[in-house]
Amino acid sequence: EYVESLSMSSDREALEHELILTDELRMILSFEDNFPQDNYLDVTPSLRKLEHSGTFLEVSELSELRKSAYTLRLLERYFHEDKVRQKYPVICREFEQMKVFPFVTDLIDRILTKEGTVKDNASPALKQLRDHKKQKQTAVSRKLQSILKSARQDGLTDADAEVTLRDGRPVIPVLSGMKRKISGLVHDESSSGKTVFIEPTEVVELNNEIREIEYAERREILNILSGVAEELRPYRVELLEVYAQLGKIDFLRAKARLAIRLNGVKPIMSADDSMQWKHAVHPLLYLAHHAEGKEVVPLDIKMDAESRILLISGPNAGGKSVCLKTVGLLQYMLQCGLLIPMKENSEVRVFTQIFIDIGDEQSLENDLSTYSSHLLNMKHFIRHADSGTLVLIDEFGTGTEPALGGAIAEAILESLNKQQVYGVITTHYANLKHFASEAEGIVNGAMLFDTDKIQPLFSLSIGEPGSSFAIEIARKIGLSEEILSVASERVGSDYINFEKHLREIIRDKHYWEEKRKKIRRVEKTLDGLYLNYSDELQDIQKERKHILRQAKEEAKALLRDANRQVEKTIREIRESDAEKSRTRTAREGLEEYKHALDKDGADADKYDKKLQELHEAGKKLIKHSPEMKQSSLSKRKVKEEKDLDFEVGDSVKMAGMDTHGEVMEVHGKNILVAFGDMISSLSRDKLIKVEGESKKSGRSSAKSNVQDRKLNFRSEIDVRGQRGDEALALVQAFIDDALMVSVRHLRILHGKGNGILRQLIRDYLQSTGIVKSIKDAHADQGGAGITFVELDI
């Protein structure tokens with residue numbers, strides 16, 4: 001009943017309220033689990049019967065009333081939950097005054113079982129009658145079993161014969177030739193005639209008594225039902241009002257389910273008279289294509305005070321009429337309170353009336369031609385249209401001689417434009433395209449066409465007129481070049497050149513549009529790489545500082561060891577009366593080395609140089625010491641034991657040190673060795689090869705960093721529980737990493753919730769220009785809580 005009364009509304013506030021109700025219920029059905037979904041039963045015809053005294057509800061009607069009353073109680077409880085009221089305030093306020101009548105379910109539960117039959121104890125009289133009937137039925141059953149047993153023994157019936165029912169009376173099957181052997185009433189015979197069904201005389205009277213009891217039982221049930229009706233009758237009006245609310249919920253539920261099926265949303269109501277639709281699709285076309293697994297080319301359209309009328313031109317079968325019908329149908333659906341398939345950030349407006357001229361309305365009875373019917377519509381449009389009118393005209397001006405038809409159409413278009421109407425008009429007339437390009441308030445639109453493949457793209461481009469591509473389509477169909485040449489000559493060079501220029505504009509626009517998309521994708525990729533390289537450069541700089549700091553600490557440690565050795569040497573020299581000048585020289589060298597290490601930014605090269613000076617000073621100091629001579633002999637022995645054949649990857653250590661390093665490069669007598677994060681160049685004679693140990697280089701580079709990212713990259717990210725800006729930042733970094741490691745298929749877990757985070761993320765993805773497709777996961781894999789993304793790389 002609600003659907004049948006559905007009509008277009010121009011009340012903006014009422015329409016906004018109805019759309020919010022539908023949208024909130026859509027989100028409830030999509031994201032909540034405990035909303036009541038069963039037993040939306042229409043019991044209003046049954047309740048209307050109670051208007052007249054003496055009427056009652058049948059058992060089946062009472063059963064449906066109880067089921068629907070239980071649904072009402074569940075709904076009332078659901079809309080009063082605090083959590084639901086916070087998330088869906090409008091629909092909860094709409095139905096917060098919903099009345100429930102617990103006594104209705106209690107009353108019906110008192111007389112009906114769960115299966116919907118009248119209980120034995122619905123009344124004392126009914127219980128007594130049913131007990132009596134059971135006793136009689138037991139007696140009849142025993143008597144029949146006794147007679148059947150005797151009949152089997154006497155061969156009057158088959159060995160497997162059983163008691164059965166005919167016309168509600170228990171009978172036994174008897175062979176046709178033996179029917180005279182059993183006294184009783186014949187109720188039926190088999191289709192073959194070999195068996196007759198007899199009610200024996202001994203049970204006829206008992207069955208008659210059972211039948212009388214059943215009549216009495218039926219009368220008692222009617223009394224019970226009449227008593228229930230009398231109790232319900234005073235509340236008939238209130239019950240009808242409550243069930244009207246249940247019908248409203250069922251109607252909203254139907255609209256919400258349709259919106260889910262169509263991917264319908266509640267767009268934004270424009271603050272002025274402008275409208276901007278993004279990715280709008282024709283509902284019926286969407287359903288047909290979705291069933292075949294095909295995509296629908298979406299429509300982007302914008303209208304405002306400066307461009308109120310859109311004049312669409314282009315090739316036949318290019319989608320002009322579909323665009324016009326999409327605008328008309330979606331606008332009508334919106335003003336009927338239905339959610340429509342487009343992006344949620346689209347802006348819509350409300351019109352007071354919609355005028356449509358589509359198709360052929362010629363009438364033989366009224367002596368109307370096709371063109372006459374169009375002119376009558378135009379007359380009505382001009383007389384009644386205003387700034388709140390949406391005008392939709394298909395194939396404007398056709399049906400008569402082209403020159404005059406085009407001139408009249410131009411005059412009508414000028415008049416409608418002066419009346420400030422909004423509209424979508426399709427045409428092939430060149431004069432209308434010229435007029436639209438010059439007149440304020442009218443803008444040209446073109447259905448794009450692939451000139452290489454000679455086929456339409458079904459995509460609307462606003463800003464320039466479209467070509468009909470008649471010559472190209474005729475050539476593709478196979479008309480001879482001779483005919484096409486004659487046609488081109490007769491139409492004139494000006495028209496051919498005009499069409500040619502239009503084609504070139506459309507071709508160039510399509511090319512540069514693709515070029516722009518590609519450049520945007522490349523810029524996005526470069527921006528990501530720049531950010532990544534900047535981060536890596538910062539990491540390298542931090543690592544360099546760390547290496548220098550570590551080198552400084554290790555050098556200080558070496559210096560402490562060297563100082564101890566030098567002090568020992570000096571003490572020995574003093575004991576041997578060595579020259580004091582030589583001792584002073586060694587100390588000055590050590591002090592210079594310590595000063596160099598304390599400077600900020602000391603590097604490994606200085607450390608190596610000072611280390612060499614330290615060794616040289618040590619050699620000079622120990623040259624005349626007897627103990628050092630013995631130590632020198634020991635060192636030579638160690639040197640002889642050294643493995644002079646070093647290879648990259650060998651584990652080595654410096655003489656007199658326990659720290660192990662790794663050979664990075666071999667350059668003649670000099671060896672490049674990595675001690676942890678510090679790399680030094682040392683001569684062969686200062687190194688000892690450590691047998692049985694080897695390690696790989698731990699140095700990091702940009703190349704290895706990218707390889708590590710490829711190995712560690714996961715194609716799934718979870719942003720559930722994040723705020724919008726935090727989630728977008730994570731998704732942006734996630735997309736950038738995917739571009740760097742060339743991963744195409746991604747999964748984003750954002751949860752269902754109110755759908756806000758999901759829409760926010762999808763809007764960002766669509767704005768990047770590098771996303772090829774976005775879709776929900778399958779229902780058993782998370783549904784709308786997970787977005788599958790395919791990058792265009």
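The values are calculated or read from the model by the stated rules, or taken from the named source; none is laboratory data. Bear in mind that the values here come from a model prediction, so they are computed numbers and not experimental data. Note: ideal-geometry Cβ built from the backbone for every residue, glycine included; neighbour counts use all protein chains shown. Remember, those area values only see protein heavy atoms, side chains included, never the ligands or the DNA or RNA. Shrake-Rupley method; radii C 1.70, N 1.55, O 1.52, S 1.80 Å.
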For segment 9-149, the accessible surface attributable to carbon and sulfur atoms (probe 1.4 angstrom, ligands and nucleic acids excluded) amounts in percent to 46
Shape descriptors of segment 94-212 over alpha-carbon atoms, Rg and Dmax in angstrom, are 22.0, 77
Karplus-derived 3J(HN,Hα) from phi for segment 102-117 (6.51 cos²θ - 1.76 cosθ + 1.60, θ = phi - 60°), whole Hz, x at Gly and Pro, runs x, 5, 5, 5, 5, 5, 6, 4, 5, 10, 10, 7, 4, 7, x, 10
Length gained if ASP300 through ARG93 is fully extended, taking 0.36 nm per residue and subtracting the Cα-Cα distance, is 71.0 nm
Heavy-atom accessible area of PHE788, protein chains in place, probe 1.4 angstrom, given in Å² to nearest 10, is 50
In segment 284-409 the accessible area split gives carbon plus sulfur, as whole percent at 1.4 Å, a share of 55
Inter-part gap, Cα centre of segment 177-202 to Cα centre of segment 380-416, in whole angstrom, is 86
Rounded to 0.05, the calculated FRET efficiency for the beta carbons of SER5 and ALA291 at R₀ = 22 Å is 0.15
Gyration tensor (Cα only) of segment 40-119 to equivalent ellipsoid, semi-axes in Å sorted down, yields 29, 15, 9
The Cα extents of segment 247-353 along the principal axes, largest first and rounded to whole Å, are 43, 38, 24
Expressed per residue, the solvent accessible area of segment 80-196 in Å² (1.4 Å probe) is about 63
Residue-normalised value, i.e. accessible area per residue, for segment 297-417 at 1.4 Å probe, in Å², stands at 41
SASA check, TYR235, accessible area w/ 1.4 Å probe, all protein chains in place, rounded to nearest 10 Å², comes out at 90
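Å³ per residue of the Cα convex hull, for segment 1-55?
Details: hull volume 7.6 nm³, N = 55.
Looking at segment 1-55, the number lands at 139 Å³ per residue.
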With all protein chains present and a 1.4 Å probe, the order of ARG180, ARG253, ARG560, ARG684 from largest accessible area down is ARG180, ARG560, ARG684, ARG253
A 1.4 Å probe over the protein heavy atoms gives segment 746-793 a carbon and sulfur accessible-area percentage of 52
The answer for PHE458, listing residues at least 5 apart or on another chain whose modeled amide H is closer than 5 Å to its amide H, is LEU448
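Please give the contour-minus-distance gain from SER681 to VAL648: 0.36 nm per residue of separation, less the Cα-Cα distance, rounded to one decimal in nm.
Net length gain for the segment: 10.5 nm.
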Descending packing, highest mean Cβ count within 10 Å first, for 263-275, 427-439 is 427-439, 263-275
For ASP188, the residues 5 or more places away or on another chain with a placed amide H closer than 5 Å to its own amide H are PHE197
Which of LYS278/LYS320; LYS320/LYS518; LYS653/LYS686 exceed 19 Å between C-alpha atoms? The answer is LYS320/LYS518
Sorted on mean Cβ neighbours within 10 Å (highest first), peptides 73-79, 291-297, 745-751 come out as 745-751, 73-79, 291-297
In whole percent, the Cα-Cα distances of segment 213-272 spread across 10 Å bins from 0 upward as 18, 20, 20, 18, 13, 7, 3, 1
